[in-house]
Amino acid sequence: MSPDLISDLPQSIIESILIRIPIRDAVRTSILSSKWRYKWASITQLLFDDKCVPYSNDRDVVQRSVVKFITRVLFLHQGPIHKFQITNSKLQSCPEIDQWILFLSRNDIKELVMELGEEIGETEFFRIPSSLFQCRKLIRLEISRCELDPPHSFKGFMCLKSLNLQQVLISPDAVESLISSCPLLESLSMSYFDNLALTIRAPNLKYLYLEGEFKDICLEDTPLLVEISIAMYMTDDIAEHFEQSLNCNFVKFLGGVPNLERLVGLIYFTKYLSIGIDSMHLPTMYNHLETIELYQVNFEDTKEILVVLRLITSSPTLKELQISGSSNIPVAIYTPDMEFWEKEYRSDSRLSKLKTVKLSEMGGWPHEIEFIKFLLRRSTVLETMNIIPCVFDMENNLKILIELMKCRRASTRAEVVFVHE
């Protein structure tokens, strides 16, 4: 009989093998031999997905099987658990979750990911037990579809670097306190929050991803931010709040992020930044900002155009620009204020690093054409400008082409390409 070389490998190597296979298969290695009976029981990473139990069309059967399997694995486990992840679309709220998190809090948990019931629709939100806040060594926390209520005695996650909250029910004061009490936090992601005014104080934060109904967002102490992605959904209440605001949202949101490298603004973001903006140049230069993506910019609103212009002219290292429009008002009933551009053309700003531009959903309206001209006249090293019209309108496309043919280009290598999708 040939020697059993695998069984004699060091436990660290065996563990590195076991954590790379599905948890169900890792547990089943216990039947290989007496040597393997408890090899899996000391692995430090436990990941439970939809394949951790046999498939069934009966959700209740799957739910019971998943709960039983996870409880059994934890009961038999020996030693620390550094990573515990549940991404199971069939698992709903259950009492056993409290026991699992309590167990993990006593076993040096560093990464905790819990995403339950994605396919169920109206999933009952589970309440995070207070034992979560005893997990002192947490580095990464991702939770979704749950209620979170930190106790008054909670002083923060001192080691936490990554926080992801998706559809989490938590009070505004509590979420701000949670963020500010994680001094090492580097990555923050928040999705599907409703009617929230948020102030973020996180001196080591580098990556910020926000999606939801935000009335207001203030970045108060975030000097190290390098990447922002934000989508803001609009309701009647939020729209009314915007109209009544007297603050300059641009300065409040982007005034303290000088190290920004990438900015992605999705729905209503430029609208939000346009509140309170004026024709003055901004106090902040973004000397590291290389990529800007702004979607659904309203080119009928000169304040939104001003947001775009102030951003790109305050970013001397900008290399890539993507803009999509949202204009759909026929030119016949739209009389633009073209004096706006006379003021802008008097400035001597240059886009000396910009090489790639993509403009989509362009309708051929006057402000859009002037914006294209502005880019062509100021971009000295531009290589490619892709223009994607919002509709295949031969008349408007021809008008854009004629205007661009007359426009002087700062870059002799600039290639303008019309793309019909």
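The values are calculated or read from the model by the stated rules, or taken from the named source; none is laboratory data. Just so we're clear, the structure is a prediction, and the values are computed from it rather than from any experiment. In this analysis, Cβ positions are derived from the backbone assuming ideal geometry, glycine residues included, and neighbour counts consider all displayed protein chains. Note: areas computed on protein heavy atoms with side chains; ligands, DNA, RNA excluded. Shrake-Rupley method; radii C 1.70, N 1.55, O 1.52, S 1.80 Å.
Data for the structure
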read-out	value
Gained length - residue 131 relative to residue 76, 0.36 nm times residue gap less alpha-carbon distance	17.7 nm
Unsatisfied cross-links (Cα-Cα over 31 Å) in the set 83/252; 319/399; 90/137; 83/215; 355/406	83/252; 83/215
Residue 153 accessible area, 1.4 Å probe, all protein chains in place, Å² to nearest 10	90
Where the stretch 51-192 is the region considered: accessible area per residue in Å², 1.4 Å probe	49
Charge dipole magnitude, Cβ of K and R +1, D and E -1 - the stretch 144-195, Cα centre, debye nearest 20	200
Accessible surface, 1.4 Å probe, highest first, among residues 110, 68, 303	68, 303, 110
Projected label distance in nm at residue 51 and residue 28, using a 7 Å step from Cα toward the beta-carbon	1.1
R0 of 45 Å, Cβ-Cβ distance residue 259-residue 153: FRET efficiency to nearest 0.05	0.80
